[in-house]
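Participant: Below: one structure in structure tokens.
Derivation of every value follows stated rules applied to the coordinates shown; laboratory data play no part. Here the structure is a predicted model, which means the values were calculated and not measured. No Cβ is skipped: glycine too gets one built from the backbone with ideal geometry, and neighbour counts run over all protein chains shown.
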Amino acid sequence: MRFDILTLFPELFPAFLSAGVTRRAFEAPQGGTAQVETRLWPLRDHAEGNYRRVDDRPFGGGPGMVMLAQPLLRALDAVRADQQAAGRPATPVILFSPAGRSLTQERVRSLARSDGAVLICGRYEGIDQRVIDAKVDEEISLGDFVLSGGELPALALLDAVARLQPGVLNDAQSHEQDSFSDGLLDCPHYSRPESLAVHPALPEQPVPPVLLSGHHAEIARWRRQRQLELTARRRPDLLATARARGELTDADERFLAGLKL
Ligand code: 9WO
């Protein structure tokens, strides 16, 4: 799969793509191709004139600048020509914007099984609307907040896709990477030491004893119950969805019925 990334700031990407467990997905093995190929398309390379302008003032006036349409259109043409020349399929064009639909793990899973996408990272006050109307297939939001550019959302999407590639998470985790696919929030995690001084004036904080018991069935039950409790308290909407999808067992329902929220 291939992600073509249109950005004014290509230098933001390499450090992220070469760090952590996802690096395995982004880096090509000797003489091979990466599971998640990324190609950066620096938009300034597609700007015209000695000044290589990529922004201009908004028609109608007002503060800030607008990202010019023409460098974006030329870069998109270059991506399509590259896809055609390589015999690769044309992939959907995605723009990151608070006006888009919220990114979900379901959309991440579908992208992780796809041929990839063309990611447009906007800057300034926004991109010329005519590019969105003519070329953008999908607008994706990460939430109701505003950033100064679409690069971080693009990296977030790439990270979410990369961790679903075979071999990125270990096999023990590979069912757990689906811990969102059972639609519930994750359980809490603990490690050494067994008793932790969090502050001199407070008693030491022990790990929940069941986790030290060695009773694997009890540990699994405790974890499931913490997932159910946390999801019921914080995200009752997710619990309702899991229930509607038939993902809650009778034991889950009995536990939830006994919870005082
Ligand atoms: C900004 C914006 C604000 C309110 C309603 C719609 C909007 N669209 C954009 C937009 O496309 N902005 C461009 C990308 C240019 C300015 C920086 N950009 C951006 C993307 N800021 N914040 C995001 C973003 C993307 C996904 N999820 C959260 C925020």
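Participant: Kindly put 182, 133 in sequence by how many other C-beta atoms sit within 10 Å of each C-beta, fewest to most.
Facilitator: Lowest count first: 133, 182.
Participant: Relative contact order of the chain: what whole-number percent is it, with Cα pairs under 8 angstrom and at least 6 residues apart?
Facilitator: Taking the mean separation of contacting Cα pairs over the length of the chain, I get 17 percent.
Participant: Would you list 65, 1 from fewest to most Cβ contacts within 10 Å?
Facilitator: Result, fewest neighbours first: 65, 1.
Participant: Can you put 249, 7 in order of Cβ neighbours within 10 angstrom, beginning with the fewest?
Facilitator: Starting with the residue having the fewest Cβ neighbours, the order is 249, 7.
Participant: Would you please put 105-111, 89-95 in order of how densely packed they are, using the mean number of other Cβ atoms within 10 angstrom per residue and starting with the highest?
Facilitator: Most protected by this proxy first, the peptides run 89-95, 105-111.
Participant: Also, I was wondering about something else. Starting from segment 224-256, pick out the GluC sites (Glu not before Pro) whose DSSP state is loop and whose Cβ has at most 15 other Cβ atoms within 10 Å.
Facilitator: Passing both the DSSP loop test and the Cβ count: 247.
Participant: Determine the sum of side-chain charges near residue 261: Lys and Arg each +1, Asp and Glu each -1, restricted to other residues whose C-beta is under 13 angstrom from that of residue 261.
Facilitator: Local net charge: +3.
Participant: Scan segment 68-105 for trypsin sites (Lys or Arg not before Pro) in coil per DSSP, keeping those whose Cβ has at most 15 other Cβ atoms within 10 Å, and list them by number.
Facilitator: Of the trypsin sites (Lys or Arg not before Pro), not one in the loops of segment 68-105 has a Cβ with at most 15 other Cβ atoms within 10 Å.
Participant: Considering only the chain, what is the antiparallel percent among its DSSP beta bridges, to the nearest 5?
Facilitator: The antiparallel proportion sits near 20 percent.
Participant: Right, something else. Mind checking the dipole of segment 184-257: about its Cα centre, +1 per Lys or Arg Cβ, -1 per Asp or Glu Cβ, Debye to the nearest 20?
Facilitator: Approximately 140 debye in magnitude.
Participant: Can you give the FRET efficiency for residue 148 and residue 27, using 1/(1 + (r/R0)^6), R0 = 45 Å, r = Cβ-Cβ distance, to the nearest 0.05?
Facilitator: Computed FRET efficiency for residue 148 and residue 27: 0.95.
Participant: Another question, if that's okay. Using 7 Å Cα-to-Cβ label points, what is the residue 88/residue 156 separation (nm, one decimal)?
Facilitator: Each label point lies 7 Å from its Cα, and together they span 2.5 nm.
Participant: Still on this structure: How large is the dipole of the chain about the Cα centre if only Lys and Arg carry +1 and Asp and Glu carry -1, each at its Cβ, rounded to the nearest 20 debye?
Facilitator: For the chain, the charge dipole is close to 120 debye.
Participant: With each pseudo-label sitting 7 Å past Cα toward Cβ, what's the residue 59-residue 78 distance in nm, one decimal?
Facilitator: It works out to 2.6 nm between the two label points.
Participant: Something else about it: I'd like the distance separating the alpha-carbon centroids of segment 192-259 and segment 1-36, in whole Å.
Facilitator: After rounding, the separation between the Cα centres reads 36 Å.
Participant: For segment 188-261, which chymotrypsin sites (Phe, Trp or Tyr not before Pro) pass both filters: DSSP loop (anything but H, G, I, E, B) and at most 16 other C-beta atoms within 10 Å?
Facilitator: Those satisfying the criteria are 190.
Participant: Oh, and also: Classify the chain from the C-alpha gyration tensor, please: rounded if a/c falls under 1.5, else prolate or oblate depending on whether a/b exceeds b/c.
Facilitator: Judged from the Cα gyration tensor, the chain comes out prolate (a/c at least 1.5, a/b above b/c).
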